[in-house]
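Below is one structure, written out as structure tokens; comments come after it.
The values are calculated or read from the model by the stated rules, or taken from the named source; none is laboratory data. On a predicted model such as this, the values are computed, not experimentally measured, just so you know. No Cβ is skipped: glycine too gets one built from the backbone with ideal geometry, and neighbour counts run over all protein chains shown.
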Amino acid sequence: MSDFYTIPVNTIKGEATTLESYKGKVLLVVNVASKCGLTKQYEGLEKLYKTYQERGFEVLGFPANDFKGQEPGTDEEIQQFCTSTYDVTFPMFSKIVVTGADKHPLYAHLTSAEPTTVQREAMETMLRGYQIEPTAAPEVVWNFEKFVIGRDGQIAARLAPGITPDSAAISEAVEAELAKA
């Protein structure tokens, strides 16, 4: 399995990089979308970022168009939307694929390292209520699924999209990882 920090990614501005500069920090990796019913979570993600950033915490946003075409824009359009609508200052990356055969290596790593999503069943039920057949586990179930990564690069929690950034589940997972030396 690849070392999490060496997986190649591109910034939202198209610059090739890795996650090496985030080594030793607590991360919240989120697949995001601009035209989703959950898009308002950007506000909570930004608040979470500002709350914990000084303690070594980063939110990393990865736009994905995997679910009902809810992230159709270019990287430039996505960045403009996030900045102007939600005043997003946390790091954003280039649009990637998070499910299926063309899944980005980052998400291949995340979903194989932690195949179980907390509260996945509730999200699946909600999707079926909208006549949407969810992806099969261990795939990401929908936009705004969250992975809490500890300072050691290991996944501390994988949380369903319905668990909002202001939830106790997220703050407790982040606080627990920040408390570790």
Item checked: Per-region count, the range 105-159, residues outside any loop (DSSP other than H, G, I, E, B), farther than 16 Å from LEU27 by Cβ and not β-branched (Val, Ile, Thr) -> 12
Notebook entry, point to check: From the set of residues in the range 117-145 that are of a type in the set (Ser, Thr, Tyr) and touching a residue at least 24 places away in the same chain (Cβ under 8 Å), which is farthest from LEU60 (Cα to Cα)?
Noted result: THR135
Margin query: Just to verify a result, which residue in the range 15-60, among those that are assigned to a strand (DSSP E or B) and without any contact (Cβ under 8 Å) to a residue 40 or more places away in the chain, is nearest to LEU127 (Cα to Cα)?
Written below: VAL59
Notebook entry, point to check: Do we find that TYR107 is touching a strand residue (DSSP E or B) at 6+ places or on another chain (Cβ under 8 Å), hydroxyl-bearing (Ser, Thr, Tyr), more than 18 Å from LYS13 (Cβ to Cβ) and in contact (Cβ under 8 Å) with a residue 60 or more places away in the chain in this structure?
Noted result: yes
Check: Listed residues THR99, THR117; which is buried (at least 18 other Cβ atoms within 10 Å of the Cβ), farther than 27 Å from TYR52 by Cα and touching an Asp or Glu at 6+ places or on another chain (Cβ under 7 Å)?
Finding: THR99
Checklist line | Subset of the range 45-65 [surrounded by 23 or more Cβ atoms within 10 Å (Cβ to Cβ) and touching a Gly at 6+ places or on another chain (Cβ under 9 Å)] | finding: LEU45, PRO63
Margin query: All but one of (1) within 15 Å of PRO63 (Cβ to Cβ); (2) surrounded by fewer than 16 Cβ atoms within 10 Å (Cβ to Cβ); (3) among the small types (Gly, Ala, Ser) hold for SER94; state the number of the condition that does not hold.
Written below: (2)
Check: How many of the residues making up the range 80-104 are closer than 17 Å to TRP142 by Cα and in contact with a strand residue (DSSP E or B) (Cβ under 7 Å, 6 or more places away or on another chain)?
Finding: 5
Notebook entry, point to check: Restricted to the range 1-26, and to residues that are of a type in the set (D, E, K, R) and touching a Phe, Trp or Tyr at 6+ places or on another chain (Cβ under 8 Å), which residue is surrounded by the fewest Cβ atoms within 10 Å (Cβ to Cβ)?
Noted result: GLU20
Check: Among the residues of the range 32-41, is there at least one that is hydrophobic (A, V, I, L, M, F, W, C), touching a helix residue (DSSP H, G or I) at 6+ places or on another chain (Cβ under 6 Å), modelled with pLDDT of 95 or more and closer than 15 Å to LEU106 by Cβ?
Finding: no
Next item on the list: Tell me which residues, restricted to the range 1-12, are in a loop (DSSP other than H, G, I, E, B) and modelled with pLDDT of 95 or more.
Entry: ILE7, PRO8, ILE12
